[in-house]
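Shown next, in structure tokens, is the structure this report addresses.
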Amino acid sequence: QVQLVESGGGLVQAGGSLRLSCAADGKIFSINAMGWYRQAPGKQRELVATTISDGRINLADSVKGRFTVSRDNAKNTVDLEMNNLRPEDTAVYYCNAVVRVRIAGPWFNYWGQGTQVTVSS
């Protein structure tokens, strides 16, 4: 079983910064994609930033220039540095990882429990 353990989040004023961290723990052979999604009240979950094992990074247009995602493959962790936060960034942020637990095995999609980020105006 694989667990994604998130930390960070909280309440911040507009223009402030927060850092989210996520660690994947358990029986892990390899991780393909690992990153962050968010879901605001009444809205669908959306991609914020994700890293691919080949080094590619995908960032939502709405966070480009403000958020930075970084991944440590040796530690199976991914961090999201969020700067110049806006009220519209308020959401529950979920860590996501696509994991293979054995060589040549299938890929499984895992989610963290979510962490609240609230940006006040």
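Worth a mention:
- Seen from every direction in turn and averaged, the convex hull around the alpha carbons of segment 81-121 projects onto 3.9 nm².
- Residue order by solvent-accessible surface for Leu59, Leu4, Leu11 is Leu11, Leu59, Leu4, largest first, with ligands and nucleic acids left out and a 1.4 Å probe.
- Point-to-point label distance, Ile103-Phe29, nm (Cα→Cβ direction, 7 Å offset): 0.8
- Anisotropy class assigned to segment 29-84 is prolate, per the alpha carbon gyration tensor with a/c at or over the 1.5 cut-off and a/b larger than b/c.
- Eigenvalues of the alpha-carbon gyration tensor of the chain, scaled by 5 and square-rooted, set the equivalent ellipsoid semi-axes at 26, 14, 12 angstrom, largest first.
The values are calculated or read from the model by the stated rules, or taken from the named source; none is laboratory data. Because the structure is predicted, anything quoted here is derived from the model rather than measured. Heads up, the Cβs are rebuilt from the backbone with ideal geometry, glycines too, and the neighbour counts pull from every protein chain shown. SASA here: full protein model, heavy atoms, side chains in, ligands and nucleic acids out. Shrake-Rupley method; radii C 1.70, N 1.55, O 1.52, S 1.80 Å.
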